[in-house]
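The values are calculated or read from the model by the stated rules, or taken from the named source; none is laboratory data. From a predicted model like this one, the values you see are computed outputs, not experimental measurements. Here the Cβ is made from the backbone with ideal geometry for all residues, glycine too, and neighbour counts use every protein chain on show. Heads up: the accessible areas ignore ligands, DNA and RNA and are worked out on the full protein's heavy atoms, side chains in. Shrake-Rupley method; radii C 1.70, N 1.55, O 1.52, S 1.80 Å.
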Amino acid sequence: MQMEWIWGLLGGGLIGSAGALYLLINGRVMGASGIVGGLVDGSATGVQRRERLAFAAGLFLVPAVLALLFGNGETHASANLMVMAAGGLLVGVGTRIANGCTSGHGVCGISRLSLRGIVATVFYIGAGGITVVLFRHLLGVI
Amino acid sequence: MRGLFAFLAGGTFGAGLLLSGMTDTRKVQGWLDIFGDWDPTLAFVMGGAILPMAVAWQFTRRRRPVLGGQFPPAPEPRLGRSLVTGSVMFGMGWGLTGLCPGPSIASASFGGISGLVFLLAMGTGMILAPMAKARLDALPAAA
């Protein structure tokens, strides 16, 4: 428990390095919701579609193999499928309307002092905090 | 080449999410839950990720991406209703489940049925989003 912040810092460093690589080599902003959204709704075509498919493949496959090798793959997600469906829907609609999520607005936006990134992050963290407090402590759903 | 480096970036991103514990919904919800047994990890992950990224943005000045093309344009200064509304919706879903788009894909192989239901719903939401945005844009502007 004492050491977990170090793993957080190291893992965060990897996440930021991934974003730096994608920016400096491919010239793209590493935003997970944009990358996935463009694949799901078909708005990404040609080279961009292939690039995004490759990114998504890496994002899926590398943790899959690492979790298999080291056995730390556990999400502890809620078994309440209504909660998971409602949450997924909100995340899908919300990130596409706001044009970004934790990686795009959070990591890539804040690091270039983008006002939109900072404002989005304040609102999704605020809404997330209120939601957890409400549904966990007052309603006892999660 | 673009595909190879995109795969490497996606893989490094996924490895970072797994290593930092961001594929564990308890750590994410534990950070959001300021009235519970507060878990500070997410703040370290964010800080650790923003540092190399801030350095990378400095390197984009007067240069071009290694594989050609242009760097992303300067961020749009306008905030707008959809940014705020969308972020609030995203935050609610994130708080409810402890998952956001990156970790939901990174954990797809071991997230079980809960993870798959989340992914399916998120994909559906992404397809429905343009409709929701059109409705939002049609609302009269706030005074």
- Message: Restricting to the stretch B:70-95, name every residue that is more than 7 Å from chain A (Cβ to nearest Cβ) and either assigned to a loop (DSSP other than H, G, I, E, B) or free of Cβ contacts under 8 Å to residues at least 12 places away in the same chain (or both).
- Response: B:P73, B:A74, B:R78, B:G80
- Item | Number of the condition not met by A:G42 [criteria: (1) open to solvent by 50 Å² or more (accessible area, probe 1.4 Å); (2) more than 19 Å from B:C100 (Cβ to Cβ); (3) not charged (D, E, K, R)] | (1)
- Query: Between a first residue in the stretch A:96-122 that is closer than 17 Å to B:M53 by Cβ and a second residue that is assigned to a helix (DSSP H, G or I) and aromatic (F, W, Y), which pairs have beta carbons less than 7 Å apart while being 6 or more apart in sequence or on different chains?
  - Reply: A:C101/B:F90; A:S111/B:W57; A:R112/B:W57
- Task: Considering only the stretch B:58-77, state which residues are among the hydrophobic types (A, V, I, L, M, F, W, C) and touching a helix residue (DSSP H, G or I) at 6+ places or on another chain (Cβ under 9 Å).
- Result: B:F59, B:V66, B:L67, B:F71
- Task: Scan the stretch B:44-69 for residues that are open to solvent by less than 50 Å² (accessible area, probe 1.4 Å) and without any contact (Cβ under 8 Å) to a residue 24 or more places away in the chain and jot them down.
- Result: B:M46, B:G47, B:I50, B:P52, B:M53, B:A54, B:A56, B:W57, B:T60, B:P65, B:G68, B:G69
- Matching residues in the stretch B:100-124 - criterion: being open to solvent by less than 20 Å² (accessible area, probe 1.4 Å) and more than 7 Å from chain A (Cβ to nearest Cβ): B:P103, B:S104
- Check A:M3, A:M82 and return the single one that is under 21 Å from B:A108 (Cα atoms) and either touching a residue at least 60 places away in the same chain (Cβ under 8 Å) or more than 7 Å from chain B (Cβ to nearest Cβ) (or both). A:M82
- Note on the structure: Being closer than 20 Å to A:G11 by Cα and either touching a Lys or Arg at 6+ places or on another chain (Cβ under 7 Å) or modelled with pLDDT under 95 (or both) narrows B:G47, B:G3, B:G68, B:G21 down to just B:G21
